[in-house]
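The values are calculated or read from the model by the stated rules, or taken from the named source; none is laboratory data. Computed from a predicted model, the values in this text were never measured in an experiment. Positions of Cβ are generated from backbone atoms using ideal geometry, with glycine treated the same way; all protein chains shown enter the neighbour counts.
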Amino acid sequence: MKERDYRQYKGVWALGEVRDGEIHPVSFELLAWGRGLADKLSVDLSIVIIGSHIKDKVKELIPRGADKVYVIDHPALEHFRIDPFSAILTTMVEEYKPEILIASATSMGRTIMPVMAVKLDAGLTADCTGLDIDLEERLLIQTRPAVGGNIMATIKTPVLRPQMSTVRPKSKRPLPVDHSRKGEILVKEFSGEFLTSRVKRLAFIREEAIGAPIQDAEYIVAFGKGLKDSKHVELMKELAQVFNGSLGASRNATDLGWISYSHQVGLSGKTVSPRLYIAAGISGAVQHLAGMSSAEIIIAINSDPDANIFGVADYGIVGDLFEVIPLLIKKLKEKAKEA
C-alpha cells in the first residue's frame, strides 16, 4: 500500500443506487449518514448516481441532504455490472479525491467497494453499524460487529485515502425532506471502454417470499426457536398476511432450516427498521436486538418474563405464542371487517 498526502483529500462521498429506474431508498439513508460526517468535518457531501434515464430523478437527492450530485447517465449503465461501474467510480475518486467514501452493504455495495479498495489501494471496513468522526485526528470512526457479533470493533484508517466503509441498510433513517436546501447537479460523461464489461446480464429472478424483502418492509412478523417446529411457520405467515407484512426470523430459526437465510434479522443477517416489529418466541440475543431495535414499535410475545426481548419492546405479552397469536389473528381480522 502506498502512503499518500491525505491533505489533498477533502469531502464526503456516498455511492447511491438505482433500482428499476428509480433512486433506491438506501441512497437517502447514505445521505443521512454522510450529512452527519460532512457537517462535523465542515465539508461538502456529494453523492454519485450511476444509471440510465435518471437525470430527471436526481433532483430529489438535494432536499435529502446532498450538496452535490454527480450523475453518470447512459443506456449501457441501466443494470449494475462491476466492470463499468468500478471503472467510472475509480476515475472520479482519483479526480476529485474525497476523504471519505461510503456505500450501502447491499449486493451492489458489497460487490463494488472491495473492488474499489483494490483499485484505489485503500482500506475498507464492511457492514458498519455506526460511523462517526474523530475530530482531533480528522479520521472516520467505523464501528462494526466482529467475532461472530460478540464484540463491536472500532476501526480507523489513519494513512490511506479515501477512508471507505459500507453501512448496513436500515441502520439509519433518511433525513426529513428540506426543499429549501440548495445544491449542485453535475453530469459526467463516460464512453468507450468505460462502458464495456466482461459480464453479460442474463436475467434477474426475484425470490418468492411473504411480503417485501425484510430490509424494505414496513411490518415484520419474526419468530425464533420458541416456534418449536417448522410446521408452525404457517401460523406466522398467516399473521404476517393480516398486516400485509413480511416474515423475519432469528438465527436459531434459520439455522434449524425453518426458513431461508434471507429472512434472518440480526448482526449476522439483515438490519431492519420497520414501523412495526412483532417478535414471537425470540429470546432477544444481543445479535438479534442489534438488527431490529430501531423499529418504531416493537411487540414481544414470549413465555419467559425475563427474556431479553422485553428490554427493547414497547409492548410485551408474557404468554404462550400458540395461544396469543391465533387470538391476535382473530381479533385483527374482526377489526378489518369492521373497517
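Before moving on, here are some points about what is shown:
- Given (1) touching a Ser or Thr at 6+ places or on another chain (Cβ under 9 Å); (2) closer than 24 Å to residue 152 by Cβ, index of the condition residue 313 fails: (1)
- Looking across the range 18-28 at every residue that is at pLDDT below 95 and of a type outside the set (A, V, I, L, M), the one that is nearest to residue 272 (Cα to Cα) is identified as 25.
- Residues satisfying the stated conditions in the range 244-281, i.e. under 20 Å from residue 332 (Cβ atoms) and in contact (Cβ under 8 Å) with a residue 40 or more places away in the chain: 248, 274, 275, 276, 277, 278, 279, 280, 281
- Residue ID - farthest from residue 113 (Cα to Cα), chosen from residues in the range 130-185 that are touching a Lys or Arg at 6+ places or on another chain (Cβ under 8 Å) and among the β-branched types (Val, Ile, Thr): 177
- Meets criteria (among the basic types (Lys, Arg) and not in a loop (DSSP other than H, G, I, E, B)) for residue 231: yes
- Residue match in the range 39-46 (condition: in contact with a Leu (Cβ under 6 Å, 6 or more places away or on another chain), part of a helix (DSSP H, G or I) and either touching a residue at least 40 places away in the same chain (Cβ under 8 Å) or among the β-branched types (Val, Ile, Thr) (or both)): no
- Selection count where residues are within 27 Å of residue 49 (Cβ to Cβ) and surrounded by fewer than 17 Cβ atoms within 10 Å (Cβ to Cβ), scope the range 144-173: 1
- Flag if residue 166 is modelled with pLDDT of 90 or more, within 27 Å of residue 20 (Cβ to Cβ) and of a type in the set (Ser, Thr, Tyr): yes
- Filter result (among the β-branched types (Val, Ile, Thr) and at pLDDT below 95) within the range 92-111: 106, 111
- Some residue of the range 316-327 being in contact with a strand residue (DSSP E or B) (Cβ under 9 Å, 6 or more places away or on another chain), without any contact (Cβ under 8 Å) to a residue 40 or more places away in the chain, of a type in the set (Gly, Ala, Ser) and more than 30 Å from residue 107 (Cβ to Cβ): yes
- Checking each residue in the range 153-200 for being over 20 Å from residue 110 (Cβ atoms) and outside any loop (DSSP other than H, G, I, E, B) picks out 154, 184, 185, 186, 187, 192, 193, 194, 195.
- Criterion violated by residue 34 - all others in (1) under 19 Å from residue 182 (Cα atoms); (2) touching a Lys or Arg at 6+ places or on another chain (Cβ under 8 Å) satisfied: (2)
- Segments classed as strands (runs of 3 or more DSSP E), wholly inside the range 262-318, with at least 2 members that are farther than 12 Å from residue 224 by Cβ and touching a helix residue (DSSP H, G or I) at 6+ places or on another chain (Cβ under 8 Å): 276-280, 315-318
- Selection of the range 108-135 for residues being crowded, with 18+ Cβ neighbours inside 10 Å, among the small types (Gly, Ala, Ser), within 15 Å of the chain's Cα centre (by Cα) and within 20 Å of residue 38 (Cβ to Cβ) yields only 109.
- Top-ranked residue in the range 251-274 [being under 21 Å from residue 298 (Cα atoms) and of a type in the set (D, E, K, R); ranked as nearest to the chain's Cα centre (by Cα)]: 270
- Within the range 29-40, tally of residues that are more than 17 Å from the chain's Cα centre (by Cα), crowded, with 18+ Cβ neighbours inside 10 Å and of a type outside the set (Gly, Ala, Ser): 1
- Screening the candidates 63, 84, 98 for the property of being in a loop (DSSP other than H, G, I, E, B) and either touching a strand residue (DSSP E or B) at 6+ places or on another chain (Cβ under 6 Å) or more than 30 Å from residue 291 (Cα to Cα) (or both) yields one hit, 98.
Residues are listed down the side, and each one gets a yes or a no for (1) β-branched (Val, Ile, Thr); (2) at pLDDT 90 or above; (3) under 23 Å from the mean Cα position of the chain (by Cα); (4) part of a helix (DSSP H, G or I):
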residue: 55; (1), (2), (3), (4): no, no, no, no
residue: 71; (1), (2), (3), (4): yes, yes, yes, no
residue: 76; (1), (2), (3), (4): no, yes, no, yes
residue: 142; (1), (2), (3), (4): no, yes, yes, no
